[in-house]
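**Student:** To start, I am sharing the structure in question, which I have written as structure tokens.
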8 protein chains.
Amino acid sequence: MAWNVYLAGEIHSDWRDRIAAGAEQAGLDIEFTSPVTDHAASDDVGVAILGSEDQGFWKDHKGAGVNAIRTQTLIRNADVVVVRFGEKYRQWNAAFDAGFAAALGRPIVTLHPEEHTHALKEIDRAAMATAETPEQVVDVLRYVLQGTLPDGA
Amino acid sequence: MAWNVYLAGEIHSDWRDRIAAGAEQAGLDIEFTSPVTDHAASDDVGVAILGSEDQGFWKDHKGAGVNAIRTQTLIRNADVVVVRFGEKYRQWNAAFDAGFAAALGRPIVTLHPEEHTHALKEIDRAAMATAETPEQVVDVLRYVLQGTLPDGA
Amino acid sequence: MAWNVYLAGEIHSDWRDRIAAGAEQAGLDIEFTSPVTDHAASDDVGVAILGSEDQGFWKDHKGAGVNAIRTQTLIRNADVVVVRFGEKYRQWNAAFDAGFAAALGRPIVTLHPEEHTHALKEIDRAAMATAETPEQVVDVLRYVLQGTLPDGA
Amino acid sequence: MAWNVYLAGEIHSDWRDRIAAGAEQAGLDIEFTSPVTDHAASDDVGVAILGSEDQGFWKDHKGAGVNAIRTQTLIRNADVVVVRFGEKYRQWNAAFDAGFAAALGRPIVTLHPEEHTHALKEIDRAAMATAETPEQVVDVLRYVLQGTLPDGA
Amino acid sequence: MAWNVYLAGEIHSDWRDRIAAGAEQAGLDIEFTSPVTDHAASDDVGVAILGSEDQGFWKDHKGAGVNAIRTQTLIRNADVVVVRFGEKYRQWNAAFDAGFAAALGRPIVTLHPEEHTHALKEIDRAAMATAETPEQVVDVLRYVLQGTLPDGA
Amino acid sequence: MAWNVYLAGEIHSDWRDRIAAGAEQAGLDIEFTSPVTDHAASDDVGVAILGSEDQGFWKDHKGAGVNAIRTQTLIRNADVVVVRFGEKYRQWNAAFDAGFAAALGRPIVTLHPEEHTHALKEIDRAAMATAETPEQVVDVLRYVLQGTLPDGA
Amino acid sequence: MAWNVYLAGEIHSDWRDRIAAGAEQAGLDIEFTSPVTDHAASDDVGVAILGSEDQGFWKDHKGAGVNAIRTQTLIRNADVVVVRFGEKYRQWNAAFDAGFAAALGRPIVTLHPEEHTHALKEIDRAAMATAETPEQVVDVLRYVLQGTLPDGA
Amino acid sequence: MAWNVYLAGEIHSDWRDRIAAGAEQAGLDIEFTSPVTDHAASDDVGVAILGSEDQGFWKDHKGAGVNAIRTQTLIRNADVVVVRFGEKYRQWNAAFDAGFAAALGRPIVTLHPEEHTHALKEIDRAAMATAETPEQVVDVLRYVLQGTLPDGA
């Protein structure tokens, strides 16, 4: 079967591209999905389509609704959810996505630098694997789909 | 992935065609489904197939049963449910479909003129987005599938 | 067991009181629940508690959210949902509640004047019983709990 | 019915006490539950009971497992989940709990200072109400249980 | 905990009384529920409460709806479902109730004379136990609640 | 979308062929599934594959288990379940399948001669449509998929 | 709230008594449930109640069915499931119960000697905590219910 | 439809190959899936990808997490789960998988030598069929998909 893998979280680095490239190189039959990673579009989508707002709260509310149509549908349809926490920002939506996936029984892989270990302990506990690099995530996916360890392992 | 979008509600204007045309123009990979929009067929289907009835209540009951096979199955299979309320009629079935979709966790987009805002507040609250024109719905779907804002936004 | 019966819909007549009084007289072990039936409080609750809004849409949105905490929780906890449609108003929230209850598998009893038969056909089809008077609803509940028909039947 | 309300999130201020006191004063029939709010106990519970660990990751992992027995069970049993984000710390577990509650269909009330509005937009969007003070949460709960607005509103 | 045991099926013999008496004698903490066993009331309830019908089909339809409010609710709330098939009648509703209980994951005990073994094979296969006498059902329930075998076993 | 329609019940007449032929003629995109309709094979499968049995009960039990792998899987995967009751036999498995489908929320169409109306009232009540001929079932499916009434209606 | 804790697995040592005694001493509001721990009764219950069998397979099958009524119901109703693996026997039913609880989302605590660590790795991974002594399980439950660490920790 | 069949359990003999070969010879439209059957890779995967561990418990924990991504996803996506218990080892993960599949309502076929009958009684009871040879499993699958008995039966 083809696998659906949702890549949640941080949108400021190239980690999604690195996972996709690694998976392609390994010949994995995976359809990757993700939130909209164009930060400006993501922030503006509500008012850009559905009408302007004076209050920041409602501007955000409108945009978050449109984004949730995409993210919650893709998480429901995913076989595996990878959640990335970067060095900066609060990234509460990444943690929210992890909780959402956990309650649905979707297996989670977390991806974050070691420095976040203590702050992310509840989410790492809900995950099946915790990685520090996108390449480790590729290795996990290759094993999950093909049953093979990385070269040299 | 291809998305399934169910277009519920009002059947007297061309809003479904406008959404389908806009989605096609935008190159969106969407399969649209809908209730039977031939009003006479929808009203008569029960007695036309399963035998005539003297009482209006049972004629309606028979027809509503056959229609529900279609509508409830399509809502269960949908990724997104758009619910349209027009200017006329009570359209209780549109509101029923919205409640049905909400309890199943399907994301809802409502589509109605501004004048219904107060009467539809519970349903708009259960929706992820509220639009006034079919073109806005197309814009929402384009963003959800492709992550792009409308031109000029 | 005690039964939980949620009384959804129209809030301008005394139908809830008549059902509760009839149930008490019949000695039925039922806990009735309902939405907030104080119309002004229901409309104002969002801004009264969470801060004022300039736009009617957001005032309604805030209020509908608070009301939904109550209504959706009570419907989830109900054994039976009675949905009343009165002569006036669009009552889309009543139809929404019916759809919500139907998708959750809660048995529904509809209560409305005969004139709404055609407009309510989808909802009546999803119901286990359709009554025209609160007293009929009491009779249904007495039979469901005690297995007895009304006197004289 | 008695309501179960789970109070998730920040454990460094007295917001839980203020909500509980306000609810008691209002005579609300609510059982409040919460995570363990003794920070040191929460951090140490894994190794204190199940054996020491050299690696911080596994110490946290053990502790998070024991805490999850409590938190996930209480969220599953809750009618309403209040999620508080304070001024400090990353509070990813609060966001995780919100996602978990959302996927289970539990109604959420968020509680946070205005400054977090943009960072919390996805979670506020998944909530039925967003408050800035514990007193507003009490007012929401009073309305939900009793249908009454705050004095003076 | 107290157990809820639903007694489905045949209503023409005293098997329910024998199970209830045996359970009481054994001191089992069980709340037994059942469909309405007054055959005439069960057949007439729809038209007696909700208005007369000319067609037998609709008379039956109305009555079956009211009965389903009771039976489906009680099956959903049951811990164990006992389904009795007697010597006579087609008893399709008993088989329907068994299928309904099976899909919900409720454990089933079937109770029928040996002569029905072949005709009931699908339903016996879905059951956790098949008994021929009400006393055996009591013995099963005693073991399930108390862990003790019948005297002399 | 292609529809999956499961044809449950009576295996002694050609009703499945008539429905399939009618659907093909109407150009309906339906995959029909059914239980094994070779009566002897269905009865013998357990002992033929898994070893002989002295007791009829266990022979039936073994066979019913193997058949249930097929039938329960196909019902879970079906969009619509048609349940046919013929003139003869008790057909308890047909009624069981109907109950199983009902609890899963699958729309049901019953198919039986008028003489069974009273005995089948609970199952007809759980169905969305009740037909007397296979051709009516084809007409229902055509309407459900294509929205068109039979010629001449 | 009172907690329901199911104690699955090994029945040859006094670990259940030690947990119950420890919980009582700690004043924990827990209702403990368990399978029938009388080994002979558990093995014989099927034939003792429902009639003798020549074949060991069917004797076991009958008994396992009756036991499953108890065990599966109690696991479904449990807040926490403790699964104990002892030194001897294969204890496949303990592992089965753990898988059953995991798929239902019930939090699991495993209890076994260190020597089984490798053989039980899949089950320990699905658990929220792994203990070696009943006293550790009591400590986990005390923390979960009361938020306090063991004395001296 | 194509069927998905997950082959759980023992990884030291060629039973999976024999089932796959038999199914291919019979022309069955089945996609077989399985855990990773390379024992060394399965044991080492956690530390090989995610970093070494000093403690055997955590090495196993890491590896079991990665394996669970594969196994739990495949069981959720399976139509039928075959669970094989061999002559050696404790094979608790096979029993765990059976319990997991049972709680999800997936039909189970067990495959084991007769000597394990008593020890596996709970799991055989939860299964729809119990086989002793891979060829019997092929026969079961052929019947389930094609409705035909083995030659000579």
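**Student:** Looking at H:Thr37, H:Thr33, H:Thr71, which is the one that is surrounded by fewer than 17 Cβ atoms within 10 Å (Cβ to Cβ) and either touching a helix residue (DSSP H, G or I) at 6+ places or on another chain (Cβ under 7 Å) or within 21 Å of H:Glu132 (Cα to Cα) (or both)?
**Tutor:** Values: H:Thr33 fails: surrounded by fewer than 17 Cβ atoms within 10 Å (Cβ to Cβ); H:Thr71 fails: surrounded by fewer than 17 Cβ atoms within 10 Å (Cβ to Cβ).
Among H:Thr37, H:Thr33, H:Thr71, only H:Thr37 is surrounded by fewer than 17 Cβ atoms within 10 Å (Cβ to Cβ) and either touching a helix residue (DSSP H, G or I) at 6+ places or on another chain (Cβ under 7 Å) or within 21 Å of H:Glu132 (Cα to Cα) (or both).
**Student:** Please indicate, with yes or no, whether at least one residue in the range B:94-113 is surrounded by fewer than 22 Cβ atoms within 10 Å (Cβ to Cβ), without any contact (Cβ under 8 Å) to a residue 60 or more places away in the chain and over 28 Å from F:Met128 (Cα atoms).
**Tutor:** Yes, the range B:94-113 has at least one match.
**Student:** Could you check, for the range E:79-89, whether at least one of its residues is surrounded by fewer than 24 Cβ atoms within 10 Å (Cβ to Cβ), facing chain F (nearest Cβ under 8 Å) and in a helix (DSSP H, G or I)?
**Tutor:** No.
**Student:** Take E:Arg76 and decide whether it is in contact with an Asp or Glu (Cβ under 6 Å, 6 or more places away or on another chain) and either at pLDDT 95 or above or open to solvent by 10 Å² or more (accessible area, probe 1.4 Å) (or both). Before you say what the answer is, go through the steps one by one.
**Tutor:** Numbers: in contact with an Asp or Glu (Cβ under 6 Å, 6 or more places away or on another chain): no; either at pLDDT 95 or above or open to solvent by 10 Å² or more (accessible area, probe 1.4 Å) (or both): yes.
In short, no.
**Student:** Now a separate question. Looking only at the range H:56-86, count every residue that is among the charged types (D, E, K, R) and closer than 17 Å to F:Thr73 by Cα and tell me the total. Spell out how you get there, then give the answer.
**Tutor:** Quick first cut of the range H:56-86, residues among the charged types (D, E, K, R) only: H:59-60, H:62, H:70, H:76, H:79, H:84.
From what is left, the residues that are closer than 17 Å to F:Thr73 by Cα are H:76, H:79.
The qualifying residues number 2.
**Student:** Could you please find all residues in the range B:114-140 being in a loop (DSSP other than H, G, I, E, B), more than 7 Å from every other protein chain (Cβ to nearest Cβ) and not hydroxyl-bearing (Ser, Thr, Tyr)? Show your work before the answer.
**Tutor:** Within the range B:114-140, the first condition is being in a loop (DSSP other than H, G, I, E, B), and the residues that meet it are B:117-120, B:127-128, B:132-133.
Filter once more, so that each one left must be more than 7 Å from every other protein chain (Cβ to nearest Cβ): B:127, B:132-133.
Across the range B:114-140, the qualifying residues are B:Ala127, B:Glu132.
**Student:** Right, another one. Taking the range C:51-60 as the region of interest, how many residues are over 23 Å from C:Asp97 (Cβ atoms) and either open to solvent by less than 60 Å² (accessible area, probe 1.4 Å) or hydroxyl-bearing (Ser, Thr, Tyr) (or both)? So that I can check it myself, show each step before the final result.
**Tutor:** Pass one, the range C:51-60, residues over 23 Å from C:Asp97 (Cβ atoms): C:51-55.
Checking which are either open to solvent by less than 60 Å² (accessible area, probe 1.4 Å) or hydroxyl-bearing (Ser, Thr, Tyr) (or both) leaves us with C:51-53.
Within the range C:51-60, residues that are over 23 Å from C:Asp97 (Cβ atoms) and either open to solvent by less than 60 Å² (accessible area, probe 1.4 Å) or hydroxyl-bearing (Ser, Thr, Tyr) (or both) number 3.
**Student:** Considering (1) among the aliphatic types (A, V, I, L, M); (2) in a helix (DSSP H, G or I); (3) exposed (fewer than 15 other Cβ atoms within 10 Å of the Cβ), say which one C:Met1 fails and leave the rest.
**Tutor:** (2)
**Student:** Sticking with this one: Kindly indicate whether any position in the range F:7-20 is open to solvent by 10 Å² or more (accessible area, probe 1.4 Å) and under 27 Å from G:Leu50 (Cα atoms).
**Tutor:** No.
**Student:** Go through A:Ala23, A:Ala94 for me and flag whichever is in contact with a strand residue (DSSP E or B) (Cβ under 8 Å, 6 or more places away or on another chain) and closer than 15 Å to D:His118 by Cα.
**Tutor:** Criteria check complete, one pass: A:Ala94.
**Student:** In the set C:Ile11, C:Ile19, which member is assigned to a loop (DSSP other than H, G, I, E, B), over 30 Å from D:Pro134 (Cα atoms) and more than 10 Å from every other protein chain (Cβ to nearest Cβ)? Reasoning before the result, please.
**Tutor:** Values: C:Ile19 fails: assigned to a loop (DSSP other than H, G, I, E, B).
Exactly one residue qualifies, and that residue is C:Ile11.
**Student:** Let me ask something else about it. Of the conditions (1) within 26 Å of E:Arg106 (Cα to Cα); (2) open to solvent by 20 Å² or more (accessible area, probe 1.4 Å); (3) touching a residue at least 24 places away in the same chain (Cβ under 8 Å), H:Lys121 fails just one. Which one is it?
**Tutor:** Unmet for H:Lys121, out of (1) within 26 Å of E:Arg106 (Cα to Cα); (2) open to solvent by 20 Å² or more (accessible area, probe 1.4 Å); (3) touching a residue at least 24 places away in the same chain (Cβ under 8 Å): (3).
**Student:** Moving to a separate point now. Which residues, taken from the range C:22-44, are within 14 Å of chain D (Cβ to nearest Cβ), not hydroxyl-bearing (Ser, Thr, Tyr) and not in a loop (DSSP other than H, G, I, E, B)?
**Tutor:** C:Ile30, C:Glu31, C:Phe32, C:His39, C:Ala40, C:Ala41, C:Asp43, C:Asp44
**Student:** May I ask you to list the residues in the range E:124-151 that are open to solvent by 40 Å² or more (accessible area, probe 1.4 Å) and at pLDDT below 95?
**Tutor:** If the condition is that a residue be open to solvent by 40 Å² or more (accessible area, probe 1.4 Å) and at pLDDT below 95, then E:Asp151 is the only one that fits.
**Student:** Right, next: Which one of these does G:Tyr143 not meet: (1) in contact (Cβ under 8 Å) with a residue 12 or more places away in the chain; (2) away from chain H (no Cβ under 11 Å); (3) part of a helix (DSSP H, G or I); (4) not basic (Lys, Arg)?
**Tutor:** All conditions are met except number (1).
**Student:** Out of all the residues in the range B:95-113, is one or more at the interface with chain C (Cβ under 9 Å from one of its Cβ atoms) and assigned to a loop (DSSP other than H, G, I, E, B)?
**Tutor:** In the first step, residues of the range B:95-113 are kept if they are at the interface with chain C (Cβ under 9 Å from one of its Cβ atoms); the result is B:95-104.
After this cut, where a residue has to be assigned to a loop (DSSP other than H, G, I, E, B) as well, the list is B:104.
Yes.
**Student:** Scan the range C:45-78 for residues that are closer than 29 Å to A:Lys59 by Cα, within 13 Å of chain B (Cβ to nearest Cβ), part of a helix (DSSP H, G or I) and not basic (Lys, Arg) and report the count. Reasoning before the result, please.
**Tutor:** Restricting attention to the range C:45-78, the residues satisfying the condition of being closer than 29 Å to A:Lys59 by Cα are C:45-73.
Adding the requirement that they be within 13 Å of chain B (Cβ to nearest Cβ) leaves C:45-47, C:53, C:55-73.
Applying the additional criterion that residues be part of a helix (DSSP H, G or I) yields C:45-47, C:56-73.
Then drop every residue that is not not basic (Lys, Arg), which leaves C:45-47, C:56-58, C:60-61, C:63-69, C:71-73.
So the answer is 18.
**Student:** Looking at D:Val66, D:Val47 in this structure, which one is open to solvent by less than 20 Å² (accessible area, probe 1.4 Å) and of a type in the set (A, V, I, L, M)?
**Tutor:** On the way: D:Val47 fails: open to solvent by less than 20 Å² (accessible area, probe 1.4 Å).
Every option except D:Val66 fails the conditions.
The values are calculated or read from the model by the stated rules, or taken from the named source; none is laboratory data. Quick caveat, the model's predicted, so the values are computed rather than measured. No Cβ is skipped: glycine too gets one built from the backbone with ideal geometry, and neighbour counts run over all protein chains shown. To get the accessible areas, we keep the full protein, side chains included, count just its heavy atoms, and leave off ligands, DNA and RNA. Shrake-Rupley method; radii C 1.70, N 1.55, O 1.52, S 1.80 Å.
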